[in-house]
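Quick notes on the structure that follows.
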Amino acid sequence: MTADPAPRNAPGPVEDPLVSRFLEHLLVERAASVYTHRNYRQALHEFHAWYHGANDRPPVWDGLRRDDFRGYLRGLGRKGLARAAIQLRFCALRAFYRFLIRQGLAEASPIKDIALPKPARRLPQFLTIAQMVSLLEAPTKAVAPGAVPPAADVTGEGQGSEAALLAALRDVAVLETIYSCGLRISELCGLLAGDLDVPEKLVRVRGKGRKERLVPIGDPALEAIQRYWTALGVVPAPADPVFYSKFKQRRALSPRLLQLRLKLHLATAGLDPSLTPHKLRHSYATHLLDAGADLRSVQELMGHAHLVTTQIYTHLTTARLKRAYNDAHPRA
């Protein structure tokens, strides 16, 4: 089997009943993020189309063999896909087979022990403390007298200086909260007012796979949230969102709007507009470790299932220490 994914004569995405059950399971039972659901759906549909095009029939999942997936892997390699992209496709396939086995729909996974190209180990990007402060101040600068107001399609609150100020107050609170708590973008957008324990300065965070954790939140973030709520003119009920995209419609802040707003504020702060909200989470972890926090505590704060995921940040701090040593020590 040597066909490339996906052959030109391959059919478009076909709704495979088992794939559909798995995707529903991801959303309903696993509470997977919209990004995981989207990526897994695309990966499974792509494999389905590739197999159908190469064999003139749809895959019978419990009848596939290791050689089928080795052929798929070879095809991906010939397409020149990045190693991370190949890893993502097989991650989706592995998760799908785990689901089939648990449901009694397959006896074993044919993907087991297939050697994949290892992705290059890249250090996560992060902002320095000074850059982070500049970013936190950017939303207020954007609505200062004489500043050009942001376009109405990315404020989230409509037109006018009052709406722009409200959006700026929200964005300050959003950025302060992400940096104070190290939240993922989905966790931030899913925060409810009842998740905030103001007296104890704690936030209940619903992470991946419905896992909950308690994370400390600092005074600057709590004060920014209070200023935002004061400008709204209401204190949200416990079941209401902390942050709104459109308050009049009681619509929670969306990841897409957050990304658009962040690009504006990065530009205002003189920083790279391509940086994603996840880079703020990287900054949180790096600054904690720089200040002496232990790795296990940072793992719990970030909601990492495995310590190895957190350990990537130790490479950042170690690399910076080495640079400082090489620059300063007379016999480095």
Modelling each spin label as a point 7 Å along the Cα-to-Cβ direction, I'd like the Ile312/Glu200 distance in nm, to one decimal. 3.1 nm
Between rounded, prolate and oblate, where does region 194-248 land on the alpha carbon gyration tensor, with a ≥ b ≥ c its root eigenvalues, rounded for a/c under 1.5, else prolate if a/b exceeds b/c? oblate
Taking the Cβ-Cβ separation of Ala130 and Ser20 as r and a Förster radius of 45 Å, what is the calculated FRET efficiency to the nearest 0.05? 0.35
Per the C-alpha gyration tensor (a ≥ b ≥ c, the square roots of its eigenvalues), region 129-325 is rounded if a/c is under 1.5, else prolate if a/b beats b/c, else oblate; here it's oblate
Sort 180-188, 108-116, 51-59 for me by packing, meaning the mean count of neighbouring Cβ atoms within 10 Å per residue, highest on top. 180-188, 51-59, 108-116
Above 19 Å lies some portion of the pair distances; for region 17-102, what is it as a whole percent of all C-alpha pairs? 37 percent
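Just so you know, all these numbers are worked out from the coordinates, no wet-lab data involved. All values derive from a computational prediction rather than experimental measurement. With ideal geometry, Cβ positions are generated from the backbone for all residues, glycine too; neighbour counts draw on all protein chains shown.
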